[in-house]
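Here the structure comes first, spelled out in structure tokens, and everything after it is commentary.
What follows is calculated from the coordinates using simple rules that are stated; it is not laboratory data. Bear in mind the structure is a predicted one, so any value in this text is a computation, not a measurement. Note that each Cβ is placed from the backbone with ideal geometry, even for glycine, and that neighbours are counted across all protein chains shown.
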Amino acid sequence: MKTTKNLWLVIGSFLVMVFSASTTIAQTFNVNSAASNVKVEGTSNIHDWEMTAKELQGAIKVKMEDGQLVQIDQLDFAVVAESLKSGKSGMDKNAYKAMNTDKHKRITYQLSKVNNLDCTSTSSCKIATTGVLTIAGTKKTVDMVFDAKVSGDRITLTGAHKIKMTDYKVDPPTAMFGTITTGDEVTVKFQTVFTK
């Protein structure tokens, strides 16, 4: 009788441990291009300008624990260079020429490591990362901080990063026989949505 009681006690304790233990699940989400928004904002001696990306690719592999993001194992992201549009075909053409898009079709970012993952709730995190940004065939290591929102089968990364075109061997585009010149520094703003 005592043995049976002890056996049930052990089984009961085991079941409590199993059901109260955290469940960590590895998952992969892919870029939802239609729901995402990536802009490149810059200046010129005439007016400010912006280009919006129409074609995005990529994936993020994460570990979730009880619905909360606890680890990022992989993050790859790409913009099809000639899908960047300003609404002015002349400017677009000059930008593609400056980036040599005939040879370098994509602008890419690949995560190297996560330096800090700080989640204030199950749905909201701030992430400090180091990764490799490749523009016009030139690779540079960059530190980026972005916000992550987790909602069911959807992860949204939001942030902004300033770059100098000349760091990537891209000459700032000009127009009208050099009378319009663009500034070297641009800001990339992104709100990328990854879904299952």
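One table, with the values for the structure above:
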| item | result |
| --- | --- |
| Positive-pole candidate from 44, 62, 90, dipole of the stretch 23-195, charges at beta carbon | 90 |
| Structure-derived volume of the Cα convex hull per residue in Å³: which label, when the choices are (i) 116; (ii) 105; (iii) 127 | (iii) |
| Cα-centred dipole magnitude for the stretch 23-195, charges only on beta-carbon of K, R (+1) and D, E (-1), debye, nearest 20 | 360 debye |
| Whole-Å distance, taken between Cα centres, linking the stretch 134-196 and the stretch 26-102 | 7 Å |
| Gain in span if fully extended, residue 37 to residue 103, counting 0.36 nm per residue against the direct Cα distance | 21.3 nm |
| Sum of -39500 (n - 2.57) over DSSP H runs of 4+, divided by residues of the chain (222 nm, nearest 500) | -5000 deg cm²/dmol |
| The chain: angle of helix 2-20 to the longest principal axis, Cα-based, in degrees nearest 10 | 10 degrees |
| Relative contact order of the chain, pairs being alpha-carbon contacts under 8 Å that are 6 or more residues apart, as % | 22 percent |
| Two-site label geometry, residue 164 and residue 45: point separation in nm, points 7 Å out along Cα→Cβ | 2.0 nm |
